[in-house]
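Take a look at the structure below.
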Amino acid sequence: MASLSVKPGQHFTLPDWQNNSLLISADAEQQRYNSHHIRQEGRALRNETSNQARWDEHNSRTCLKDRITSVDRWRETLARCLRDIDLEIDALTKVKEAAENALQAKNLCLDVAIECLTFRESRRDIDVVRDPVEEELLREVKVIEKTKKELQKRVDDAFKQLCLLKEARQQLSCDHRHKVETLELDRQCMSFNVTSGNISFKVNPTRIPDGTTALREWELNNQCNKDRAEAEMRASVDLRGAITLSIAQTNNELDAQRIATEFALRKRIRDMEGALSELRWQEQNTLDEIAEMEEEIRQLEEDLRKRTLDLKVAHTRLETRTYRPHIELCRDQAQYGLTDEVQQLEGTIRALQQKRTESQDALDALYRQLHRIQTDIGYKTNSLQLDNKCMDTRRKLVVPVEKFEPEVDAVNRTRNLPRNSQLELA
């Protein structure tokens, strides 16, 4: 009888087959669920990133527009300042030339006045008098010389102001040029888009370049350049007015200056006398304080000597007690008391030494201050004598020359002046 051949291999049961089918179905559903979830997340991410990219690009473009507007506004402001400063430079240059011409014209006036005085020196005998004409001529020479000095000063001031204006203009011009270049670059950035042919990845584009400044610093620099240019223009306008006034003004009254000088000199003498009185009072008080400080140092040294002796006694007592025999060598109350006494005395001695050092330093400072006071008293005494001598010398301003006998020394030398006249303060 033939036997049924059995194919070798594993045989599963029907429940195993059903479980396998259910597992495959469940895995398929789970994978479809996961795929659906990922697709939803991907769609949400794409929408979010797309919106974020559009918003960021819009924000960047808006910031660029605002920046371009801000830079362009400052460019226009600096351009107006440049035009104004150019006009002011031209105006100041013309006024400076007018002052130079006026200064040059004074040479002829001075030559005429000196020539007239030279002619009048040829007068003889009784005609050689100090008459009103000669006085007016001498006053005219002084007025002309003073006017020339004033005009020369104004010319120098105008030259310095022109240098300042040109320096300010150079800064404005440089800043204006930089802003023009910046506007060109930012407008080029505005023109970039995804279809531009010259866009590419760059190496570390988010780096902060060397020399980068803060926005506040940029604004302050712009305002500083503008303010400086305006300040220099205001100073130039004021200077032009002063130069114009100097060209047109006449000589001030000499008596007003003489009175003002003598008033200031008398006031200076009074102040010097008051200062000397105060210094002498300070000198006496300092001397008194020095005496008291020296006495205090002596007292400190005496107390220091006494405390040193007390410390020697305490040290000797402690050292002597170290020789107590056997069990008697104990830390008793006397030992603690002596130890505390030594520590207290050592602290007291240190405090006294510190105070003695501080007192000695204070005494040295008092001696230095006393030397300064005494030296200053000498200076002010000499200055007071010189001021009194100046007051005596200024009698030449009101006393006729023939009644005034000047002192001749190596410092102040007299000049040969026409007779029958009064000296005037130039």
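The values are calculated or read from the model by the stated rules, or taken from the named source; none is laboratory data. Just so you know, these numbers come straight off a predicted model, no measurement behind them. So basically every Cβ, Gly included, is an ideal-geometry build from the backbone, and we count neighbours across all protein chains shown. Please note that ligands, DNA and RNA were not included when accessible areas were found on the heavy atoms of the full protein model with its side chains. Shrake-Rupley method; radii C 1.70, N 1.55, O 1.52, S 1.80 Å.
State yes or no: is THR49 under 30 Å from PHE192 (Cβ atoms), at pLDDT 90 or above and hydroxyl-bearing (Ser, Thr, Tyr)? Before you say what the answer is, go through the steps one by one.
Values: under 30 Å from PHE192 (Cβ atoms): yes; at pLDDT 90 or above: no; hydroxyl-bearing (Ser, Thr, Tyr): yes.
So THR49 fails the test.
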Going through region 303-318 in order, the residues found to be open to solvent by 100 Å² or more (accessible area, probe 1.4 Å) and either small (Gly, Ala, Ser) or free of Cβ contacts under 8 Å to residues at least 12 places away in the same chain (or both) are ARG305, LYS312
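Conditions (1) exposed (fewer than 15 other Cβ atoms within 10 Å of the Cβ); (2) within 27 Å of GLN223 (Cβ to Cβ); (3) modelled with pLDDT of 90 or more; (4) small (Gly, Ala, Ser), marked per residue:
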site: GLU88; (1), (2), (3), (4): no, yes, yes, no
site: GLU97; (1), (2), (3), (4): yes, no, yes, no
site: ASN101; (1), (2), (3), (4): yes, no, no, no
site: GLN104; (1), (2), (3), (4): yes, no, no, no
site: ARG124; (1), (2), (3), (4): yes, no, no, no
site: LEU137; (1), (2), (3), (4): no, no, no, no
site: CYS163; (1), (2), (3), (4): yes, yes, yes, no
site: GLU167; (1), (2), (3), (4): yes, yes, yes, no
site: LEU172; (1), (2), (3), (4): no, yes, yes, no
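Criterion first (among the small types (Gly, Ala, Ser), in contact (Cβ under 8 Å) with a residue 60 or more places away in the chain and either surrounded by 13 or more Cβ atoms within 10 Å (Cβ to Cβ) or part of a helix (DSSP H, G or I) (or both)) does ALA231 satisfy it?
Considered against the rule, which asks whether it is among the small types (Gly, Ala, Ser), in contact (Cβ under 8 Å) with a residue 60 or more places away in the chain and either surrounded by 13 or more Cβ atoms within 10 Å (Cβ to Cβ) or part of a helix (DSSP H, G or I) (or both), ALA231 comes out as no.
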When only residues in region 193-233 that are of a type in the set (A, V, I, L, M, F, W, C) and under 21 Å from CYS63 (Cβ atoms) count, which is modelled with the highest pLDDT? LEU220
Sole miss for ASP310 among (1) charged (D, E, K, R); (2) more than 41 Å from the chain's Cα centre (by Cα); (3) at pLDDT 90 or above is condition (3)
Do you know which residues across region 375-397 are at pLDDT 75 or above and surrounded by 14 or more Cβ atoms within 10 Å (Cβ to Cβ)? ASP376, ILE377
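Out of curiosity, is ILE68 of a type in the set (Val, Ile, Thr), modelled with pLDDT of 85 or more, in a helix (DSSP H, G or I) and over 30 Å from ASP157 (Cα atoms)?
For ILE68, the condition - of a type in the set (Val, Ile, Thr), modelled with pLDDT of 85 or more, in a helix (DSSP H, G or I) and over 30 Å from ASP157 (Cα atoms) - is met.
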Checking the condition touching a residue at least 60 places away in the same chain (Cβ under 8 Å), open to solvent by 50 Å² or more (accessible area, probe 1.4 Å) and in contact with a helix residue (DSSP H, G or I) (Cβ under 7 Å, 6 or more places away or on another chain), which residue from GLN353, GLN369 passes? GLN369
Is there any pair linking a residue in region 163-178 that is touching a residue at least 24 places away in the same chain (Cβ under 8 Å) to one that is hydroxyl-bearing (Ser, Thr, Tyr) and buried (at least 20 other Cβ atoms within 10 Å of the Cβ), with Cβ under 9 Å and at least six apart or on different chains, and which? LEU164/SER236; LEU165/SER236
Can you find even one residue in region 176-192 that is under 28 Å from the mean Cα position of the chain (by Cα), at pLDDT 90 or above and among the aliphatic types (A, V, I, L, M)? no
